[in-house]
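Below you'll find the structure, written out as structure tokens, and then a few comments.
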Amino acid sequence: MVRESWASRVGFILAAVGSAVGLGNVWRFPWMTAEYGGSAFLVVYLCIVLLVGVPGLLAEFVIGRRSNRNPAGALARLAPGTKSWGYVGLFGVVTALILLSFYSVVGGWIVRYFLASFSGSYFADPSGYFGTISFGWEAVAFQVAFLALTALVVLGGVRRGIEAATKVMMPLIVVLLAVLAGWAVTRPGAGAGLSFYLHFDPAPIKNDPIGMLRAAAGQALFTLSLGVGTMITYASYLGEDNSLPFDGSVIAVLNTAVGVLAGLVVFPLLFAFQGGLTEVTRGGESGAIFMGVAGAFREMPYGEVVAVGFFAAILFAALSSSISMLEIPVAYLVDEQDVSRRNATLGLTALVLVTGAVCALTPSVFTFVAGTLVDLMLTAGLAGFLVFTGWILGKNALAEFDSGAGGIARSLGTPWLWGVRTILPLFLLVTLALNLYSLLSG
Ligand code: PHE
């Protein structure tokens, strides 16, 4: 059977931005920013996105487009004669399933908050509400609904499923968030939120530099969907005429812009209607943002309308990311094991129903997977992809980087390859070591 490909360049870019823009931007990013001191975290994070994220994204693109395969097949095919690189790709396939297991729990919360926004039933007691719905069998039920939506898109395939869905969802997210941000920043009292978010204060960097670095690095990889092979898989459906450096930059810029936009909704709302970061939102728990914005919706006129818009945007963002997670193992089964897309999608969804339910029923497992484990696996995965690109592909990586690229972009190829060979994997390995150290030292 002929392998599928994107119908258009815009389609590919929107699908990749759709993967990048997700709960990472609207849920994890404001949470991390609040926990690590606002603007200082934003600055460190932006530097890592630019210096590590974008080159990493390009490395995944190069692997994907060169091989036209899922991560496991890609690395095995591009390094013939050794089996071991295939396992590095397979590690990404497994990571994707683990990611989806916890991500679909949060996806389920969002389905629930979206529906409950019409009546505003969670406004009165935000933390009580979150406490009752977040874990348990009801959480599993909503998680199943979220996974079903995800599977439905992936069943449709690359063009008719992923491309068609993200083409509709991405513009909607931007419009919804822009309207909400425009409204939020003009509320009386929003200024304090903006200054917490945007006024640079270096003190938090000095307080806990290592902690902030770890968090910022983890967040940078997570938000760009790196280290799993999503971007390998999406680029494997590309033709040779796309400029990878150009497309990669557009994707990173759009992803960051939506992240910052989400911050412009969340922080002004919290400061204008809640008087700042309450203890709830400062606690750094996964539910902080839900409870924080719920309290703000309660205080504002037409809170239900704002809430429906807010959770619709997040639901689209979450779905366009979860489909990119499911697509990795689906592509693996289709490419390597000759399974039909239909059977692969249904079988893998059934598997994640089980592993995901474990996350939805046990909060401690959820927190460990969503934080520590994901940071570790993404960092290790991307380090593997970079070493592979730099040392195994080498000059071929450069040729792939240049193919379809214009003059200016090509001149970036050599410094890129140099970074991919040396300093970038080193940075990731140091981050990995710091993460492991903090895990083991409790
Ligand atoms: N980038 C997505 C987000 O921000 C998460 C994701 C990570 C998606 C890894 C795919 C792979 O929500």
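The values are calculated or read from the model by the stated rules, or taken from the named source; none is laboratory data. This is a predicted model, so every value here is computed, not measured. When we count neighbours, we look across all protein chains shown, and the Cβ atoms used for this are built from the backbone with ideal geometry, even at glycine.
When you go through Leu261, Leu315 one by one, which is the residue that is within 22 Å of Gly53 (Cα to Cα), surrounded by fewer than 24 Cβ atoms within 10 Å (Cβ to Cβ), touching a helix residue (DSSP H, G or I) at 6+ places or on another chain (Cβ under 6 Å) and of a type outside the set (Val, Ile, Thr)?
Criteria check complete, one pass: Leu261.
Could you list, in sequence order, all residues of the range 419-442 that are among the aromatic types (Phe, Trp, Tyr) and surrounded by 13 or more Cβ atoms within 10 Å (Cβ to Cβ)?
Phe427
When you check Phe142 against the structure, is it over 20 Å from the mean Cα position of the chain (by Cα), farther than 30 Å from Ala360 by Cβ and of a type in the set (Phe, Trp, Tyr), yes or no?
Working: over 20 Å from the mean Cα position of the chain (by Cα): yes; farther than 30 Å from Ala360 by Cβ: no; of a type in the set (Phe, Trp, Tyr): yes.
Criteria not met by Phe142.
Between residues in the range 321-334 that are under 17 Å from Trp27 (Cβ atoms) and hydroxyl-bearing (Ser, Thr, Tyr) and residues that are near the ligand (Cβ under 10 Å from one of its atoms) and modelled with pLDDT under 95, which pairs lie under 6 Å by C-beta distance while being six or more apart or on different chains?
Between residues of the range 321-334 that are under 17 Å from Trp27 (Cβ atoms) and hydroxyl-bearing (Ser, Thr, Tyr) and residues that are near the ligand (Cβ under 10 Å from one of its atoms) and modelled with pLDDT under 95, the close pairs are Ser321/Gly22.
Just give me the residues in the range 219-238 being more than 11 Å from the ligand (Cβ to nearest atom), small (Gly, Ala, Ser) and in contact with a Ser or Thr (Cβ under 7 Å, 6 or more places away or on another chain), in sequence order.
Ser236, the sole residue that qualifies.
Looking for whichever is in a helix (DSSP H, G or I), away from the ligand (no atom under 16 Å from the Cβ), touching a Lys or Arg at 6+ places or on another chain (Cβ under 8 Å) and more than 21 Å from Ile63 (Cα to Cα) here; the options are Phe130, Phe114, Phe142, Phe123. Which one fits? First the steps, then the outcome.
Details: Phe130 fails: touching a Lys or Arg at 6+ places or on another chain (Cβ under 8 Å); Phe114 fails: touching a Lys or Arg at 6+ places or on another chain (Cβ under 8 Å); Phe123 fails: in a helix (DSSP H, G or I).
Of the residues listed, the single one that is in a helix (DSSP H, G or I), away from the ligand (no atom under 16 Å from the Cβ), touching a Lys or Arg at 6+ places or on another chain (Cβ under 8 Å) and more than 21 Å from Ile63 (Cα to Cα) is Phe142.
Hey, Leu270 hits all of (1) within 16 Å of the chain's Cα centre (by Cα); (2) outside any loop (DSSP other than H, G, I, E, B); (3) hydrophobic (A, V, I, L, M, F, W, C); (4) under 25 Å from Gly37 (Cβ atoms) but one; which does it fall short on?
Answer for Leu270: the failing condition is (1).
On the given criteria, is Arg342 more than 22 Å from the chain's Cα centre (by Cα), away from the ligand (no atom under 16 Å from the Cβ), of a type in the set (D, E, K, R) and at pLDDT below 95?
no
In the range 275-333, how many residues are at pLDDT 80 or above, among the charged types (D, E, K, R) and under 16 Å from Met32 (Cα atoms)?
Number of matching residues: 0.
Go through the range 336-382 and give me each residue that's over 26 Å from Phe142 (Cβ atoms), among the aliphatic types (A, V, I, L, M) and surrounded by fewer than 22 Cβ atoms within 10 Å (Cβ to Cβ).
Val339, Leu376, Ala380
What are the pairs, 6+ residues apart or on separate chains, where a residue within the range 88-102 that is within 13 Å of the ligand (Cβ to nearest atom) has its Cβ under 9 Å from a residue that is among the acidic types (Asp, Glu)?
Short answer, once both residue conditions are applied: Ala96/Glu327.
Here are Ser134, Ser84: which of them is free of Cβ contacts under 8 Å to residues at least 40 places away in the same chain, among the polar types (S, T, N, Q) and surrounded by fewer than 24 Cβ atoms within 10 Å (Cβ to Cβ)? Show your work before the answer.
Working: Ser134 fails: free of Cβ contacts under 8 Å to residues at least 40 places away in the same chain.
The match here is Ser84.
Within the range 12-64, track down each residue that is farther than 22 Å from Trp416 by Cβ, modelled with pLDDT of 95 or more and either more than 11 Å from the ligand (Cβ to nearest atom) or touching a strand residue (DSSP E or B) at 6+ places or on another chain (Cβ under 6 Å) (or both).
Leu14, Ala15
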